[in-house]
Amino acid sequence: MSSARQDQRDELWASGGELDAVVVGAGFSGLYMLHRLRDRLGLSARVFEAADDVGGTWYWNRYPGARCDSESYFYSFSDRLSEDLLQEWTWTERFAPQPEILSYLQHVADRYDLRKDIQFSTRVVAAEYDDATGRWVVRTDDGRQVTARFLITAVGCLSTTNLPDFPGRDSFLGDSYHTGVWPHEGVDFTGKRVAVIGTGATGVQAIPEIAEQAAHVYVLQRTPNYDIAGGNRPMTAEDGQQIKANYRDIWQATRETAFGFPYDVANRTALSVSEQERQRIFAEAWERGGFRLGTTFNDLLLDLEANETASEFLRARIRERVRDPEIAELLSPRDHPFFTKRPPLENGYYETFNRDNVTLVNLRKSPIQEITPTGVRTTDAEYEVDSIVYATGFDAMTGTLFKLGIRGRNGLGLREKWADGPRTYLGIATHGFPNLFMITGPQSPSVLSNMPVSIEQHVDWITDCLRHLRETGRDTIEPLPSAEDDWVDHHNEVTQMTLLPMADSWWVGANIPGKPRNLYPYVGGVGTYRQICDEVAARDYDGFGRGSGGTASDGQFTGTARAKFTDIAAATTAS
Ligand code: NA7
């Protein structure tokens, strides 16, 4: 540990470790939250971060080809943080690569002098609410503890890796890597035989890059995805000028649309236009690249027949690009509708399967039986390799929250409370855990949105909430059980209106054995959700109990949240 970091720790411990707020994680959400707590509210706050630098997702995911699937010009902090920063920073590619996003976040940390309140290389191992004092007691892996009035998780949604427990996994004598904890020095695959397990958004980015280097790549695919053309390219000076001139409108739009992008879902159904017109609309969106394809019609996520038109459009693009029709068919999803699993964005992925040094292995037909000292054995062959790349994803949304050892009132564990799936109010708080806020927690739009937009919305809402508590002479807030029940019911109702429960995706927890099957993110839409949260706050924090000294008895629940959704849905249908 550097002496500066040691000094920082000593200073905190000399002060008795009494803080207003502890924040866990120093990615997008932790950085912005710290700025708001410290520089807007004037609170004492400390961020604990497991890594030795800021960045979160963009610190850990350094695999070849790692880049953002949201366009870089709206994957950043908005004018809420600083208009100057928006004008200062220039993105070099349409979809920013990992090193560029990481240096952006490092720049933000430096610009706002955030590092001095972040304790790096430190994991939170327990966070327990002390009923007697109304404070959170937070313990870290260096054996120390601090107490804080507020506990705010900023741990990201995809920060606990999923490493499947294949028999013999640890017997492999070559090198193995998980994409989510990639070596900082990079990996040289030149001349190597490589097995890549997994073809989600990560595998789809990494495989073309690895194939450029390796002697041979075996792509071990269990489920093909509907990969959308990314259309990545360098940003021109003209692009930059135009974006910078329009930032105010761009951010306003991101806050109102369904997915937090500056373009919304078109107000038309897929079957209301002719086949020719539909193909034209899909092709235009395809040419423009990115998630626009998912916004071409408003019923793609609601109606199976409508969805099939988009699914088939994408399968046809695969057949055009992959020379061998049998491989094209193997790469074509048949078991789930488009966008019921997160569609990867691809840049040259399908052409990779025209290379002589790439073999597609169908794990549906012959699953992995074991990892051997020399490779991967499926039920019908053994693939001898030098390296194995696990692009097998994450225990999303709850994995890291559970690892924090959070215990609320009367010692109730978060993991126990959520044994059958998350129960939250607005995806931001949960009954029994006073003064705990979860940035982009389960049952909020989170991963079904452009993350920085949802992060900012949560951080701003929490900031306003803490200000409100202070101004009204309170220091404790907690959702009422009735409000939580109502939000969970509403979340489930909205989920059932969509096709999302049909697929075995990580969005429903299907990738982790034994994980309760629920839709983890909220699918009601970013704009709608924002209005709901604002309405709750405007109605004197409807559904939250508030009080002082650890007691949150003063509160009412009138059902504002669900009623607001119904109003918005009715207005949208009428328009
Ligand atoms: P994903 O999307 O969860 O993809 C993981 C991939 O690994 C997927 O193809 C899985 O197949 C495959 N997988 C997982 N476990 C196994 C086992 N046991 N055997 C064979 N194959 C397996 O993770 P990513 O990292 O690609 O992307 C996560 C998110 O990061 C992404 O959605 C973006 O939001 C950013 P499956 O589909 O489950 O059959």
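The values are calculated or read from the model by the stated rules, or taken from the named source; none is laboratory data. Note that this is a predicted model, so its numbers are computed, not measured. Virtual Cβ from ideal backbone geometry, glycine too; neighbours counted across all protein chains shown. Areas reflect the complete protein model, heavy atoms only, side chains present, ligands, DNA and RNA absent. Shrake-Rupley method; radii C 1.70, N 1.55, O 1.52, S 1.80 Å.
The set of residues in segment 525-541 that are under 22 Å from the mean Cα position of the chain (by Cα) and of a type outside the set (S, T, N, Q) comprises 525, 526, 527, 529, 530, 532, 533. For segment 182-193, taking the residues that are over 28 Å from the mean Cα position of the chain (by Cα) and open to solvent by less than 60 Å² (accessible area, probe 1.4 Å), the one that is nearest to the ligand (Cβ to nearest atom) is identified as 189. Name the residues in segment 70-103 that are closer than 11 Å to residue 240 by Cα and hydrophobic (A, V, I, L, M, F, W, C), would you? Hits for segment 70-103 are 86, 89, 91.
A single member of 104, 73, 32 is open to solvent by 10 Å² or more (accessible area, probe 1.4 Å) and of a type in the set (Phe, Trp, Tyr), and it is 73.
Applying the condition of being among the small types (Gly, Ala, Ser) and in contact (Cβ under 8 Å) with a residue 12 or more places away in the chain to segment 499-526 and asking which residue is surrounded by the fewest Cβ atoms within 10 Å (Cβ to Cβ) yields 503. Filtering 367, 325 for residues that are free of Cβ contacts under 8 Å to residues at least 12 places away in the same chain, surrounded by fewer than 17 Cβ atoms within 10 Å (Cβ to Cβ) and more than 30 Å from residue 127 (Cα to Cα) leaves a single hit, 325. Only one of the listed residues (236, 254, 269) is on the phi < 0 side of the Ramachandran plot and open to solvent by less than 20 Å² (accessible area, probe 1.4 Å). That residue is 254.
Only a single item in (1) in a helix (DSSP H, G or I); (2) within 16 Å of the ligand (Cβ to nearest atom); (3) of a type outside the set (S, T, N, Q) is not met by residue 442, and it is number (1). Selection of segment 492-509 for residues being within 16 Å of the ligand (Cβ to nearest atom) and hydrophobic (A, V, I, L, M, F, W, C) yields 500, 502, 503, 506, 507, 508.
Does residue 339 qualify as being of a type in the set (A, V, I, L, M, F, W, C), within 16 Å of the ligand (Cβ to nearest atom) and open to solvent by less than 50 Å² (accessible area, probe 1.4 Å)? So residue 339 passes the test.
Taking residue 541, is it modelled with pLDDT of 90 or more, part of a helix (DSSP H, G or I) and more than 30 Å from residue 222 (Cα to Cα)? When the stated conditions are applied, residue 541 does not pass them.
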